[in-house]
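Asker: Before I ask anything, let me first share the structure, which is written out below as structure tokens.
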Amino acid sequence: LGLLYQEYRDKSTRQEIETRRLQDSQTDPEESSPSEETPSEVEPTSTTENKAPPQISLLRNSNSRFNLWQDLPEIRSSGVLSILQPDEIKLQEAMFELVTSEASYYKSLNLLVSHFMENERLKKILHQSEAHILFSNVLDVMAVSERFLLDLEQRVEENIVISDVCDIVYQHTVNHFSVYITYVSNQTYQERAYKQLLQDKPAFRELISQLELDPKCKGLSFSSFLILPFQRITRLKLLVQNILKKVEEKSDRETTALDAHKELETVVKACNEGVRKMSRTEQMISIQKKLEFKIKSVPIISHSRWLLKQGELQQMNGPKTSRTLRTKKLFREIYLFLFNDLLVICRQIPGDKYQVFDSAPRGLLRVEELEDQGQSLANVFILRLLENADDREASYMLKASSQSEMKRWMISLAPNRRTKFVSFTSRLVDCPQIQCVHPYVAQQPDELSLELADVLNILDKTDDGWIFGERLHDQERGWFPSSMGEEILNPKIRAQNLKECFRVHKSDDSQRRKLGSRNRQ
């Protein structure tokens, strides 16, 4: 196998970006469809590999960059390409990618175990408990991947035309993929332990650096291997989505793809919740310690509560008519903690503490942007508490540091407020869209982490370079810098993206609408 999973995944997503760019530049998206099967990166496999199973020959040549099902010698010599319809060839490619990417993923997992985890020097440096936190149940994950790959390989070897793979995905997801939830839920502990070991144990730091330099690692970091299971379970769901977009409607293969996708989505959500649960609990405990209540105390810590946004804003003093006052006297600092069900309004006091002087349930908040603002009132909005801590209505005129910060606060405070552009869930024909060309890691709770080739609807944007988007494949919403993506300009491509997304989620559409309000943070 020539490619590690990190390399394979990167090449695959970048090829997806280039294909979409080409489609976007065409008048008719059908004109560019052949590019999906004949990317410029493809190099034919050697004829000496004819006897190798297809999923192995794809990656056997370490000089090969990216290959396809139709480039396999077995396929070319069979004459099947002249018989199959173009849509069926696309489907074969989509199923083949799921198999070959699993082979590449298993290769990377095997390297994580054999090269790092089982290194004798590393075993002596790490305490047993440290090794357990660092590597978690990776042996279980690798065993599951091996069993999954063997079943996929057996299916590919049954016939040169692959019958289906989603039935296998479904069975393994239901029966075995819970190991991913265990591994991913440990991620916060894992990251913390790794940072602590780098800081506290020079011998560990030096050994990891040496191991990373080994040619086997292809210049990839140890941490890139540790995160593989989370990346794989997420990517697997997208690969099934890709198959689902290509199978015949109302066919048996569509049914198995929908079933597999639904089970994978359940696992991915459980993984995400596992990661969030620990960090959220620790964060709530930290916030609780910093708050001092001037009003009746509100219990902050709750299993169903988490932080959405926090930060400083400027509160206008006096009545709204006091616009003639000098700017520095017009506003004073306040600090907001916004949770998924509660807003707490504070003033910062000495000792890194916050004195709470008002609060309200999040569902009883309303916001309003001021129009025709002068310079001193730029980025100002009205926050209304329909029922505050004193059981009465209260209003605050608040000033943010920038237009994007104002919009981010307004959307977080009132998530059901209408955004500038059309939402995915509105079911209207067109909406501005963007595809991610640079990965982004969220820095704030109201931001959205992006992976290469993610496609999002643009719900709102600011003049200072931020976009509020809704990712098509999971309807997660959040802010991200506009420089992370490229807008999709072709309306036919946008409509095609929406149509494909509706199809993927049609089996659990009613459930998704219920989940929509939970995701609108």
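Asker: Taking the condition modelled with pLDDT of 95 or more and under 30 Å from Ser78 (Cα atoms), does Val165 pass?
Answerer: Taking the combined requirement at face value, the residue satisfies it.
Asker: If I ask for residues that are open to solvent by less than 30 Å² (accessible area, probe 1.4 Å) and of a type in the set (Val, Ile, Thr), which ones from segment 329-354 would you list?
Answerer: Selection gives Ile334, Val344, Ile345.
Asker: Follow-up. Is it true that some residue in segment 199-206 is of a type in the set (A, V, I, L, M, F, W, C) and modelled with pLDDT under 95?
Answerer: no
Asker: Do any strands (runs of 3 or more DSSP E) entirely within segment 438-487 hold 3 or more residues that are open to solvent by less than 30 Å² (accessible area, probe 1.4 Å) and under 20 Å from Gly311 (Cα atoms), and if so, which?
Answerer: Answer list for segment 438-487: 477-481.
Asker: Within segment 456-473, can you find the residues that are touching a residue at least 60 places away in the same chain (Cβ under 8 Å) and under 24 Å from Gln496 (Cβ atoms)?
Answerer: Phe468, His473
Asker: Here's something else I'd like to know. Look at Val174 and say whether it is in the same structural domain as Ile208 (by the TED database), in contact with a Phe, Trp or Tyr (Cβ under 9 Å, 6 or more places away or on another chain), closer than 24 Å to Thr234 by Cα and surrounded by fewer than 20 Cβ atoms within 10 Å (Cβ to Cβ).
Answerer: no
Asker: Filter segment 156-170 for residues that are part of a helix (DSSP H, G or I), touching a residue at least 12 places away in the same chain (Cβ under 8 Å) and more than 19 Å from Asn242 (Cα to Cα) and give the result.
Answerer: Glu157
Asker: Is there a residue being out of contact with any Leu (no Cβ under 8 Å at 6 or more places or on another chain) and under 25 Å from Leu68 (Cα atoms) anywhere in segment 108-127?
Answerer: Yes: segment 108-127 contains one or more residues that are out of contact with any Leu (no Cβ under 8 Å at 6 or more places or on another chain) and under 25 Å from Leu68 (Cα atoms).
Asker: So, Gln190, is that one in contact with a helix residue (DSSP H, G or I) (Cβ under 9 Å, 6 or more places away or on another chain) and free of Cβ contacts under 8 Å to residues at least 12 places away in the same chain or not?
Answerer: no
Asker: Within segment 98-129, can you find the residues that are open to solvent by 50 Å² or more (accessible area, probe 1.4 Å) and outside any helix (DSSP H, G or I)?
Answerer: Glu118, His127
Asker: Is it the case that some residue within segment 71-86 is of a type outside the set (A, V, I, L, M, F, W, C), closer than 14 Å to Ser12 by Cβ and surrounded by fewer than 22 Cβ atoms within 10 Å (Cβ to Cβ)?
Answerer: no
Asker: Right, another one. Sort out which residues of segment 257-278 are closer than 26 Å to Gln92 by Cβ and open to solvent by 60 Å² or more (accessible area, probe 1.4 Å), and write them in order of number.
Answerer: Scanning segment 257-278 gives Asp259, Lys262.
The values are calculated or read from the model by the stated rules, or taken from the named source; none is laboratory data. What you are looking at is a predicted structure, and each value in this text was computed from that prediction instead of being measured. Cβ coordinates were reconstructed from backbone atoms using ideal geometry, including for glycine residues, and neighbour counts include every protein chain displayed. In case anyone asks, the SASA skips ligands and DNA or RNA and just uses the protein heavy atoms, side chains included. Shrake-Rupley method; radii C 1.70, N 1.55, O 1.52, S 1.80 Å.
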